[in-house]
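Okay, structure first, notes after.
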């Protein structure tokens, strides 16, 4: 990933040299070559930023303090999306352990 950021800098430097050498400062963007160093640099920069965010999200998941917060926030966003979409389905009910009993409640085996 660090290599991609370095490659971005090299592409931007090559673009600056290309502009000063060919005097294309006012050339409109649709007229640029598809392999223009500035375009390639911007593409590599965007991909490097995406990979950096994905790496941070993975780090947040394994962090003890931030991981549960990220999971809860993700579930909240999904629930809001379901509600906004009109197809509200309530989340499944979670039955907590009774305090002080020391045993789990037995699941019901009755089929309905």
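Read the figures in this text as sums done on the coordinates, not as results from a lab. Everything numeric here is computed off the predicted structure, so don't read it as measured data. Note that we place each Cβ from the backbone using ideal geometry, even for glycine, and neighbour counts take in every protein chain shown.
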How high is the relative contact order of region 2-80, given as a whole-number percent (alpha carbon pairs under 8 Å, six or more residues apart)?
33
Taking every eigenvalue of the Cα gyration tensor of region 2-80, multiplying by 5 and rooting it, what semi-axes result, largest first, whole Å?
40, 15, 7
Measure off 7 Å from each Cα along the Cα-to-Cβ vector at residue 55 and residue 27, then give the distance between these two points in nanometres to one decimal.
3.3
Length gain on complete extension for the stretch residue 46 to residue 9, per 0.36 nm per residue less the alpha carbon to alpha carbon distance?
12.1 nm
